[in-house]
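Rule-based calculations on the coordinates, nothing more; no lab input. Since the structure is predicted, the reported quantities are computational estimates derived from the model, not experimental observations. Here the Cβ positions follow ideal geometry from the backbone for every residue, glycine too, while neighbour counts run over all protein chains shown.
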Ligand SMILES: Cc1ncc(COP(=O)(O)O)c(C=O)c1O
């Protein structure tokens, strides 16, 4: 299937002139900066800090470091206010409201549907199989010439499993729009990232995030990796200063200490295995679904009742029992050993 970025984008996107920020015309660090209507004196209540100037709209320092870590050119990296921002920007760049559609594979991450609704974009749903795998032919049968984006979440939220690589490859070959592989949980998985397939597929975009394994959910930073041409479009339509200066400095600090990531991840995986072990011993748990993420989906006898019982003990999990293919299921995030033990103690007392 031939892919055309021209055909993927809403026609007017190609005619937009980028916002030129005050500092675009001068890249030096030293000078008398009277161009951006900032406060030259300082910041209220933060006398020791350096927040009175606008941050780098291109986040070049972070991209330089990330490009080494991810083995990809900085021009192929986009940073957003969470990966949720990239999801929204993709809808806005590609989908004409009332005409185009996006394809999702339920049960899946909820924001694809919300973002489509906000943008007045039709949704085509093709359920995963009962064991949470893709039916590639069903997807290809359901799409049409207005299908612009296909969201594939692997490892999948809320089921936790990874989706078969051959099925994703098959869709990359045969879907004419953009395939978005959401790898929010990839660091907890034994699967290599699809970033390494970017050279092969011009219609691939990979989403990752600093919110999960990196432990920086509060900072709101998501990553998109794609061809230089696709990244240029996201850069063009994003708000200029979408990543704050404070956030940029914290992300840089994290990247300078990237060797800590595998240590955090292995601790969480160890806790995940502890939880799975414990769940398997409990009669209230009917099924523990295989997981490659930092959460576990379990099937229980009465999910709503158990959920409410846990709330009464101030333990909050995610009731997914109303979600398609998730009857009587709860999604439980892996906590610290203390938190996991509190959960298990409560489940034993149920
Ligand atoms: C599959 C998936 N993608 C994306 C996100 C959003 O991540 P971010 O915090 O980067 O917006 C989440 C958050 O739960 C998620 O589960």
At 10 °C in a medium of viscosity 1.306 mPa s, the chain has a Stokes-Einstein diffusion coefficient, with Rh taken as the Kirkwood radius over alpha carbon pairs, in µm² per second, of 72 µm²/s
The simple spin-label model distance between residue 309 and residue 141, using points 7 Å out along Cα→Cβ, in nm, is 4.1 nm
Starting with the fewest neighbours, write out 29, 170 ranked by other beta-carbon atoms found within 10 Å of each beta-carbon.
29, 170
Mean-square fluctuation check for the chain, GNM, Cα pairs under 10 Å: which of 269, 311, 195 is largest?
311
Would you mind computing, in nm to one decimal, how far apart the modelled labels at residue 118 and residue 15 are, each placed 7 Å from Cα along Cα→Cβ?
2.7 nm
Tell me the angle of helix 165-174 to the major Cα principal axis of the chain, expressed in degrees between 0 and 90 and rounded to the nearest ten.
50 degrees
Please give the per residue volume of the convex hull enclosing the alpha carbon atoms of region 295-350, rounded to a whole number of Å³.
69 Å³
Radius, Kirkwood style, for region 112-226 when every pair of distinct Cα atoms is counted (Å):
14.9 Å
Could you list the square roots of 5 times each eigenvalue of the Cα gyration tensor of region 200-268, that is, the equivalent ellipsoid semi-axes, sorted largest first and rounded to whole Å?
25, 17, 9
Using alpha carbons only, how many angstrom separate the centre of region 80-137 from the centre of region 225-259?
22 Å
At R0 = 25 Å, FRET efficiency that the Cβ-Cβ distance of residue 274 and residue 318 yields, to 0.05
0.80
Quickly estimate the mean residue ellipticity at 222 nm for the chain, helices only: each DSSP H run with n ≥ 4 gives -39500 (n - 2.57), and the total goes over all residues, rounded to 500.
-10000 deg cm²/dmol
Identify which of 296, 126, 324 has the largest mean-square fluctuation in a Gaussian network model of the chain, with springs joining Cα atoms closer than 10 Å.
324
Comparing 295, 30, 151 in a Gaussian network model of the chain (Cα, 10 Å), the one with the largest mean-square fluctuation is 30
What is the fewest-to-most order of 326, 153 by other Cβ atoms lying within 10 Å of their Cβ?
326, 153
Fully extended, how many nm does the chain gain between residue 49 and residue 327 (0.36 nm per residue separation, minus their Cα-Cα distance)?
95.0 nm
Per residue, how big is the convex hull around the C-alpha atoms of region 47-100? Give it to me in cubic angstrom, could you?
136 Å³
Just subtract the alpha-carbon distance of residue 286 and residue 173 from 0.36 nm times their residue separation and send over the number in nm, one decimal.
36.8 nm
To the nearest 10 degrees, how steep is helix 83-94 against the longest Cα principal axis of the chain, on a 0 to 90 scale?
70 degrees
Relative contact order, percent, of region 149-271 when contacts are C-alpha pairs under 8 Å separated by at least 6 residues?
19 percent
One finds, for residue 1 and residue 131 with R0 = 25 angstrom and r their Cβ-Cβ distance, a FRET efficiency to the nearest 0.05 of 0.35
I'd like the orientation of helix 337-349 relative to the chain: the angle between its Cα long axis and the longest Cα principal axis, in ° from 0 to 90, rounded to 10.
30 degrees
Once normalised by the length of the chain, the mean sequence separation of its alpha carbon contacts under 8 Å that are 6 or more apart gives a contact order in percent of 17 percent
Quick one: what do you get for region 228-270 if you divide its Cα Rg by 2.2 N^0.38 Å?
1.67
Separation between the residue 96 and residue 23 pseudo-spin-labels, each 7 Å from Cα along Cα→Cβ, expressed in nm?
3.9 nm
Test of understanding: express the Cα radius of gyration of region 188-341 as a ratio to 2.2 N^0.38 Å, with N the residue count.
1.28
Using only alpha-carbon positions, what ratio does the radius of gyration of region 182-227 give when scaled by 2.2 N^0.38 Å?
1.20
